[in-house]
Every structure is written in structure tokens, then in C-alpha cells.
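Participant: First, the structure itself, so that you have it in front of you.
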Amino acid sequence: MIDLQVSLPLGLCLKNPVIAASGTFGFGPEYASYVDLDRLGGISVKGVSAKPWRGNPPPRVWETPGGLLNSIGLQNPGMDAFIEEDIPFLSRVNTAVIANIIGHTVEEYRQVAERLHREPRVDAFEVNISCPNIKAGGMSFGHDPEQARQVVQAVRSATDKPVMVKVSPNMAEPWTIAEAVVDAGADMISAINTVVGMAIDLKARRPALGGVTGGLSGPAVKPIAVRIIYEIASRVGVPIIGMGGIQSAEDVLEFLMAGASAVMVGTITFQHPERMTEIIGDLPTVLARYGFSSLDEAVGAALDRKGA
């Protein structure tokens, strides 16, 4: 059998490369009756903010061909509730716990990182920089290298635990953000976040989502994700956690060969909660089928090291 363990920066070790993606898996308890959480490589919890966020008006989800549009608006109960209600449950789970953190200001990101750093059960941070910066007219932190750099510097000052930054696909050159955040101290990159999209409710004659636009996830975005991961891996030397439309072990291998060291699986779990454990079971066979004797051997196998 092929060893599926993944060693990431600052001692973060995963038993396998399959992580539950933030935003689709809640905080863990929601899926506990459907999935053996101990089998997962890790869980990236739903975004956690300093104070509770109410999120966007309904409707919040809309199915599309090959994907799902969501406009949840990062609703969450805030870091105090996360610590009091979810950390005790996660402390009984034998897998890596990644805290996905969000904020409207640089200071809010720092506050959440500083508070959660003190929780032993939090093994690493995933910084979602697709939030609007309310002090800069609502521009997303993830669309400006300097703003992204400031967020990462603030988080880095608050913790010595591993920090990954989630890169948005909604700009011409996402790799410029990856370069900026790595320069600011990020240990890893996670990519991609959802792709901005929109649907029209024909009967109602208006946008289908209460927030008008939403984030598209699912199989439709997979080619975009593979391309962006390939571009980032060609330019930065830190591990990448890839995501975007993964449904099978073959999909995981494609992400690995594009340059990812591990993956996150999300939208498919709404239809098939058990899919992640199926992928974990299938992955050694798929690696061997395509001539790989180890997981590490597959990482970046298709990568042009001279640049995308």
C-alpha cells in the first residue's frame, strides 16, 4: 500500500491528503453521523470571525449545470461561540483541525488569529482574504497584493502555527496574490476560492440569489482550479492545498500533478457525504495505476518548473 501521509510546514502532518473544505462541512458535528471524521486528513472549519456575522439575505443557494452557486455571506456565530461550542467536539476528533478565519479589517483578522492561537486543538489557519475591506471602500483583500500582504503580516504576528492563504480566482493573475502573501509570511497557499457567478430565476424575473451574485463551486470550476494551481506552483515554492470540483481519486491525482500537495473536497459532499472516505480508499490504487509509487512522486509531476 502507498503511504498517504503528507508533511506540511511547521510540523503540520496529515494522515492523508484529503481535507474537508471550509464552508461545506460546517464545524464538524454536522457531518459526524455521515462520515468517519477520524479517516479524513483534516477539517477546515467554516469561516470564523471576531464577532457574529448574519450573512446574506435568502435565497442563498442555486443549483447550476455542473455546479452550485452560493451566497451565504460567511454567516457564522463568531469566535467565542466556536470556542465554546465546537472546539470541545473537535478535541475528540483524531484529525488535523484548520481554522478558517475571516474579517472586515486587518485588525479583525489579527484578533481572531491571536484568540484561536491559544486553542491547542487548532492546528493551522486558513486565511480567507476574499472578504471586503470596509476601510478601503469594500474592495476584497484578495484582489490587491498590498492589502493581502497586510492581512498575512497581521495574522503572522499573532501566531507561530502554520498559515495558509486562500486565493481567489476572480482576478486576471491570481499568482500575484500568492507571491505577495508568501513574501509576507504565509507557509502555504490554498486555491481556489469560488468563482463569482449569477443566475436568473425565470419565474420570478429577478436574480436567483438574494445577494444577486454568488460563488460558483463544483465540477464546473475544476479546469479553472487546475490552471491556477499550476500557475501558482510554477512561481512559488510553498505547498499548495488544491480545491475546486473534486469528485474522485482521479481528480485528486490531477490536482497533485498540477502542483498541489493536498486537496480539499467540498461541494460533492452535499450529494454524497461519504465521498471523501471513498476517495481516500481509492487513492493508492489510482496512484499505482498511473505509475506512482508514492504520493510525493505525484506532486508537481506535470509541472513545467520553468513557468506556466
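Since every read-out is calculated from the coordinates, none of them should be taken as a lab result. Please read these numbers as outputs of a predicted model, since none were measured by experiment. Here the Cβ is made from the backbone with ideal geometry for all residues, glycine too, and neighbour counts use every protein chain on show.
Participant: Each label point is 7 Å from the Cα along the Cα-to-Cβ direction; what then is the distance between the points at MET171 and THR64, in nm?
Facilitator: Roughly 2.1 nm, to one decimal.
Participant: Let me ask something else about it. Simple spin-label model, 7 Å along Cα-to-Cβ: LEU202 to GLU278 in nm?
Facilitator: 3.1
Participant: Please turn the phi angles of the stretch 56-70 into ³J(HN,Hα) values with the Karplus equation 6.51 cos²θ - 1.76 cosθ + 1.60 (θ = phi - 60°), one per residue in order, whole Hz, x for glycine and proline.
Facilitator: So the J values, rounded to whole Hz, are 8, x, x, x, 10, 9, 8, 6, 10, x, x, x, 9, 8, 10.
Participant: Further question: With just the Cα atoms defining each centre, how far is the stretch 186-217 from the stretch 128-169? Give it in Å.
Facilitator: Their Cα centres are 20 Å away from one another.
Participant: Could you run the Karplus curve 6.51 cos²θ - 1.76 cosθ + 1.60 with θ = phi - 60° over the stretch 39-47 and give me ³J(HN,Hα) per residue in whole Hz, x for Gly and Pro?
Facilitator: 3J(HN,Hα) across the stretch 39-47, in whole Hz: 7, 6, x, x, 10, 9, 6, 4, x.
Participant: Which value in deg cm²/dmol, rounded to the nearest 500, describes the helix-derived mean residue ellipticity at 222 nm for the chain, given -39,500 (n - 2.57) per DSSP H run of n ≥ 4 and division by the residue count?
Facilitator: Taking each H run of at least 4 residues, the total per residue is -8000 deg cm²/dmol.
Participant: Extension gain ALA81-ARG118, at 0.36 nm per residue separation less the Cα-Cα distance, in nm?
Facilitator: Fully extending the segment from ALA81 to ARG118 adds 11.8 nm.
Participant: Might you report the magnitude of the Cβ-based charge dipole of the chain about its Cα centre, with Lys and Arg at +1 and Asp and Glu at -1, to the nearest 20 debye?
Facilitator: Taking the Cα centre of the chain as origin, the dipole is about 700 debye.
Participant: Neighbour counts of other C-beta atoms within 10 Å: give me VAL151, VAL236 arranged from fewest to most.
Facilitator: Taking fewest neighbouring Cβ atoms as first place, the list is VAL236, VAL151.
Participant: Mind ordering 72-82, 261-271 by average Cβ neighbours within 10 Å, highest first?
Facilitator: 261-271, 72-82
Participant: Past 23 Å, Cα to Cα, is the threshold; run LYS161/LYS222; LYS135/LYS166; LYS51/LYS222; LYS46/LYS203; LYS135/LYS222 against it and keep the listed order.
Facilitator: Exceeds cut-off: LYS161/LYS222; LYS51/LYS222; LYS46/LYS203; LYS135/LYS222.
Participant: Springs between alpha-carbon atoms under 10 Å, Gaussian network over the chain: tell me which of HIS272, HIS104, HIS117 tops the mean-square fluctuations.
Facilitator: Sorting by GNM fluctuation, first place goes to HIS272.
Participant: OK, next. Across the stretch 171-184, in residue order, what do the Karplus-derived ³J(HN,Hα) couplings come to in whole Hz, using 6.51 cos²θ - 1.76 cosθ + 1.60 with θ = phi - 60° and x for Gly and Pro?
Facilitator: 7, 5, 10, x, 5, 5, 5, 4, 4, 5, 6, 5, 4, 7
Participant: What are the residues whose amide H is under 5 Å from the amide H of VAL165, where those residues sit 5 or more places off or on another chain and H is modelled from the backbone?
Facilitator: Correct list: VAL127, MET188, ILE189, SER190.
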